[in-house]
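Since the structure comes first, as structure tokens, the remarks are kept for the end.
The values are calculated or read from the model by the stated rules, or taken from the named source; none is laboratory data. Predicted, not measured: the structure shown is a model, and the values here were computed from it. Cβ: placed from backbone, ideal geometry, glycine included. Neighbour counts: every protein chain shown.
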Amino acid sequence: MIDINEVRIKKINKGELLGYASVLIDDSFVIDGIGLYERDNNRYILMPVNYKKMNSGRNIARRNVNIMNVAFPISNEARMKLLNAISEKYDEQ
């Protein structure tokens with residue numbers, strides 16, 4: 001399982017968005033831009049993505065855009081570990 005060494009939070013508090021997190025994993029890997037959200041008193045995270053414009057002309061309402069995952073947990077256990085670490089750090093500030 002992953003070892004989360006450090007979590008940094010930038011609070012936003014705009015609608016459902018609580019803030020963004022940067023997480024250091026196993027003292028060797030950083031994931032930046034993890035969104036922390038809350039809806040109906042339930043918190044969740046959204047991992048960072050890149051938008052790549054397709055070569056098919058104009059970009060109208062993102063129809064011509066591919067969404068590419070940057071980094072993501074491959075198990076629910078890993079996702080929950082990230083969510084709990086980010087939520088705890090958010091609540092400390």
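Details
- Members of the range 14-69 found to be among the β-branched types (Val, Ile, Thr) and at pLDDT 90 or above, listed by number: Val23, Ile25, Val30, Ile31, Ile34, Ile45, Val49
- Residue that is surrounded by the most Cβ atoms within 10 Å (Cβ to Cβ), among those in the range 27-54 that are part of a strand (DSSP E or B) and polar (S, T, N, Q): Asn50
- Hey, Leu24 closer than 12 Å to Ala85 by Cβ and surrounded by 14 or more Cβ atoms within 10 Å (Cβ to Cβ) or not: yes
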